[in-house]
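Note sheet for the following structure.
Bear in mind these aren't lab numbers, they're just calculated from the coordinates by the rules spelled out. Just so you know, these numbers come straight off a predicted model, no measurement behind them. All Cβ positions, glycine included, derive from the backbone under ideal geometry; neighbour counts span all protein chains shown.
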Amino acid sequence: MIGRMLGNRYEIIEQLGGGGMAIVYKGRDTILNRLVTIKLLRPDYTSDEDFVRRFRREAQSVASLSHPNIVSIYDVGREKDMDYLVMEYVDGEDLRSIIKREGPLEPPTAVRIARQICDALDHAHENNIVHRDVKPHNILITKSGRAKLTDFGIAREASAATMTTSDTIVGSVHYLSPEQARGEAPDFRSDIYSLGVVLYEMLAGGLPFTGDTPISIALKHVQSCPDPISKRNPAITESLELAVMKALNKEPEKRYQSAREMSFRLEESLLGEDAGVTRVIAVDKEDMKALKSPVGPAAGRESHQRKLKPAGWAAIIALIVLVAAVGAYGYYMFVNVPEVEVPSVVNKPLAQAEAILKENRLKSTVKEQFNSNVQAGYVISQDPGPDGPKVKVNREITLVVSKGSDLQDVPNLVTLDVVNARIELTKAGLQMEEPPAEESSSEVAKGLIISQQPAAYQRAPRDTKVKVVVSKGPEPASRNVPDLRGMTLDQARAKLAELSLQLDEDKIYQTSTQFLSGRIVSQYPGAGEQAVDGTPVKVYVSNGPGPSYRDAEIKVTVPNDGVNHVVKITVVDARGTNDAYIKEHSPGERVVETVRYWGRATINVYVDNKLEKGQVVD
């Protein structure tokens, strides 16, 4: 999923975690260029159209909430068969991790966090939205210490679909209100009870109720009173303890009737301590009674037995019967049962693997997943494995069986640019092999894709890397490099430009007695060598002192044929090629001219542009 784009807008960057209902990713909104949190519903729930419809409706209603202590919902969408939720990205950690790492929190810190969550719940309750799943896992603490409540409105929709999943029960039942445990409809005061459990855990360093099974924990919420917090943490004052106990009252009408009321009471419970003065705080008699009465299941039943409705007792009786049945089943299934070694069935066909386990008096359960390395229908892994200890007969061995490669349709990338090709591959669940190959093409414009492998419209396993070849444009023409020796840099630059070549501006200067300062001494590629269009020619430039000059006397007689003639004398020396003399003369006239040259030179004499003679001088 990493690198995948959702809704042509949200890029998935990395996985942050996951739960029973969704997988959480860190993402980026490519339009607004900001980090976001993306929740992808697990396939078990996306296949339930009614669940998805209610999930989207509820999420859209929660998106209307705007509060600094509530994680904002930005968007809800669907990409093929994946439903997702886009939320505010919070740079911090959840409260569960903080409690686990630091143990009991200081009372001012715990109250500050609880009051911020009270503010968040008060805003939601005013908008007729009940959270239904307040727990430390859903409370995020930023690096600046701000508490933010997340997963609003999802719990109600998730409860019906997930209460049969054991890991979901274990994760939420510790914070379940008594009325929810009895099967009654929760309201705003159910959130207050759950927040009371969270506050208890922050102050005591542990949960008020624990048990071996989710059912036993739910029963304690209905029947039992928790240990006084001061018993676990003597630093807790009576006023704060009473404030927490009111939130944990079994009967909703005896709890705080609003989150705002709970926030005020928590503030009052700390003011006396902070100011060093005594304050009179209103104390509910029921709270004091719960705090000072005997603690335990029997006391809880005596105190609350009269309040349960017939439907509530029926639910409790059903739970007790279920616990008894589970206990009896466990006794007959697991006490004094012989043990066997687990055979290895990895890389075997499923039918053969099941037969082997059956021969060893073991059962099997099958989970399927895509795998490009293991043939479809063969076992990828097993749990428990053969290297572990012996297990009791009839133990279920989980077999992960290959569904083969998760084949995707390869899109046609030819004539697309690289950026759009990457987008198309991401949509298809594929990747581009980096870096793309390049080659010249006279048919496909520069920067566009010439070919791909696998070819378009074939099917390839998910995350396959598709190799593409990108056009560099037409093959450049080949040129003969001119001789630049003796030229100035401007002359060389102009000469190379005429041939679609260029001067390498990274010049190297060197001492030369052959060429004047500022003149080119040598070059690479050399004169007459082949180079393609655009090739830079590197030059070495003289910084002197250069050759000394000399004079040569040139004599020439103009033809005596009755017409005037033009005499031209050129000098090819360290300066390059220069015209030293040009003049028209009468027939038969004798010309004597002194010509100056630098270093070894060739002096040529032309009459009417026809070479008459040439000589080399040192």
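Among bridges DSSP assigns within segment 420-558, what percent are antiparallel (round to 5)? Before the final figure, lay out the partial values.
Values: 11 of 22 bridges.
Roughly 50 percent of the beta bridges in segment 420-558 run antiparallel, per DSSP.
Of the peptides 248-257, 561-570, 108-117, how do they stack up when ordered by the mean number of other Cβ atoms within 10 Å, highest first? Don't skip to the answer; put the middle values down first.
On the way: 248-257: 18.4, 561-570: 14.9, 108-117: 20.9.
Packing order, densest peptide first, comes out as 108-117, 248-257, 561-570.
Listed highest first by mean packing, meaning other Cβ atoms within 10 Å per residue, what order do 67-78, 444-455 come in? Write down the numbers at each step before the final one.
Details: 67-78: 18.2, 444-455: 16.3.
Ranked from most to least packed, the peptides come out as 67-78, 444-455.
Rounding to the nearest 20 debye, state how big the charge dipole of segment 5-88 is about its Cα centre with +1 on each Lys and Arg Cβ and -1 on each Asp and Glu Cβ. Before the final figure, lay out each step's value.
Values: 12 positive and 13 negative charges, 35 e Å.
Roughly 160 debye, rounded to the nearest 20.
Let me have the 222 nm mean residue ellipticity of the chain computed from DSSP H runs of 4+ only, each contributing -39500 (n - 2.57), with the sum over all residues rounded to the nearest 500.
On the way: 18 runs with 195 residues, N = 618.
After summing the helix terms and dividing by residue count, I get -9500 deg cm²/dmol.
Rounded to the nearest 5, what % of the DSSP beta bridges within segment 478-545 are antiparallel ones? Mind dumping the intermediate values first?
Numbers: 7 of 13 bridges.
In segment 478-545, DSSP labels about 55 percent of beta bridges as antiparallel.
At a Förster radius of 35 Å, what calculated FRET efficiency corresponds to the Cβ-Cβ distance of residue 618 and residue 440, to the nearest 0.05? Before the final figure, lay out each step's value.
Numbers: r = 49 Å, r/R0 = 1.41.
It comes to 0.10.
How much net charge surrounds residue 488 when only the other residues with a Cβ under 11 Å from the Cβ of residue 488 are counted, with Lys and Arg +1 and Asp and Glu -1? Don't jump to the answer; show the numbers that get you there.
Numbers: positive: 493, 495, 519, 575; negative: 490.
Result for the neighbourhood of residue 488: +3.
Points 7 angstrom from Cα along the Cβ direction at residue 532 and residue 549: gap in nanometres?
So the two model labels end up 4.6 nm from each other.
Given axes a ≥ b ≥ c from the Cα gyration tensor, I'd like to know whether segment 549-617 is rounded (a/c under 1.5), prolate (a/b larger than b/c) or oblate. Each step should come with its number before you reach the end.
Working: a/c = 2.61, a/b = 2.18, b/c = 1.20.
Judged from the Cα gyration tensor, segment 549-617 comes out prolate (a/c at least 1.5, a/b above b/c).
Checking the a/c ratio against 1.5 first, then a/b against b/c, what shape does the Cα gyration tensor give for segment 339-402? Write down the numbers at each step before the final one.
Working: a/c = 2.25, a/b = 1.90, b/c = 1.18.
Prolate shape, in that a/c is at least 1.5 and a/b is the bigger ratio.
Could you tell me which helices of the chain pass both thresholds, a Cα extent of 15 Å or more along their own axis and a mean Kyte-Doolittle hydropathy of at least -1.0, with helices taken as whole DSSP H runs?
107-126, 188-204, 259-275, 310-334
Residue 390: net charge of surrounding residues, Cβ under 13 Å, Lys/Arg +1, Asp/Glu -1, itself excluded?
Its environment carries a net charge of 0.
Given that just one value was derived from the coordinates, which of (1) 28.7; (2) 50.1; (3) 26.9 is mean projected area of the Cα convex hull in nm²?
Matching the structure shown: (2).
Considering only segment 407-471, what is the antiparallel percent among its DSSP beta bridges, to the nearest 5? Before the final figure, lay out each step's value.
Values: 8 of 13 bridges.
Roughly 60 percent of the beta bridges in segment 407-471 run antiparallel, per DSSP.
Counting alpha carbon pairs within less than 8 Å and at least 6 residues apart, what relative contact order, in whole percent, applies to the chain? Intermediate values should be presented prior to the final figure.
Numbers: 1166 pairs, mean separation 39.8, N = 618.
It rounds to 6 percent for the chain.
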